[in-house]
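Notes to accompany the following structure.
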Amino acid sequence: MQEPTTPRVESGEIARAAAGGDEEAWRALVARFDGMLRAILRGYRLDPADAEDVIQTTWIRAYDNLGRLDEPAAIGGWLAVTARREALRTLQRGVREVVSDDPHRGDRPDAGTPETAALERERHAAVRAAVGRLPGRQRMLLSAFLRRPAASYDEISVALDMPIGSIGPTRERALIRLRDDAALAGVLAP
């Protein structure tokens with residue numbers, strides 16, 4: 001396969017030209033990044049009409065802001081972030097708010113279906129098993145937080161005979177290990 005005879009124009013050059021009003025540059029930007037935007041939006045599972053609205057809104061935002069970008073070469077990343085934010089806004093529009101005088105109503109999970117309850121039990125078991133695989137102090141600390149989620153650092157410090165100043169760093173190291181735990185990631189994935 002032969003190389004094209006014309007060099008590929010860089011995204012930054014196209015973005016600068018589009019910001020200057022060059023219609024051909026706009027068409028080139030759309031041709032270059034439209035597929036990426038559509039791929040990103042597939043992950044949000046929007047219906048086709050909403051996905052098209054998000055793409056259109058993303059391009060409108062690009063049109064309005066392209067001249068203000070500090071780094072026109074980063075247009076691809078800017079478009080990706082904008083599309084994700086617009087997708088989240090679109091999804092949020094469908095969220096129904098329920099007004100209640102019970103301040104803890106939203107804190108309690110809905111029992112839902114037996115399948116939901118079974119998945120929740122499986123997730124809890126996976127988290128407890130992953131915590132059980134942590135080294136000593138990290139395991140003790142996160143186990144204490146699991147037993148008493150509302151406990152303050154003062155209470156945890158007394159219960160574990162641990163200096164308050166070491167609770168945060170120990171907790172952070174433990175959470176990093178949990179994020180890297182492949183078995184846990186497999187269960188918690190959507």
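Since every read-out is calculated from the coordinates, none of them should be taken as a lab result. The shown structure was predicted, so the numbers you read here are calculated from the model rather than taken from an experiment. Ideal geometry is used to build each Cβ from the backbone, glycine not excepted, and the neighbour counts take in all protein chains shown.
Annotations
- Computed E for Arg171/Glu71 - FRET, C-beta separation, R0 30 angstrom, nearest 0.05: 0.25
- Residues Asp47 and Ile164, FRET efficiency given R0 of 30 Å [Cβ-Cβ distance, rounded to 0.05]: 0.05
- Pairwise FRET efficiency - Ala118 versus Glu155, Cβ, R0 = 30 Å, nearest 0.05: 0.35
- In order along the range 40-55, the phi-based Karplus estimate (6.51 cos²θ - 1.76 cosθ + 1.60, θ = phi - 60°) of 3J(HN,Hα) comes to 4, 5, 4, x, 8, 6, 6, 6, x, 5, 5, 4, 5, 4, 5, 5 Hz; Gly and Pro are listed as x.
- Top positive-direction residue, dipole computed over the range 11-93 with Cβ charges, set Tyr63, Trp26, Pro48: Pro48
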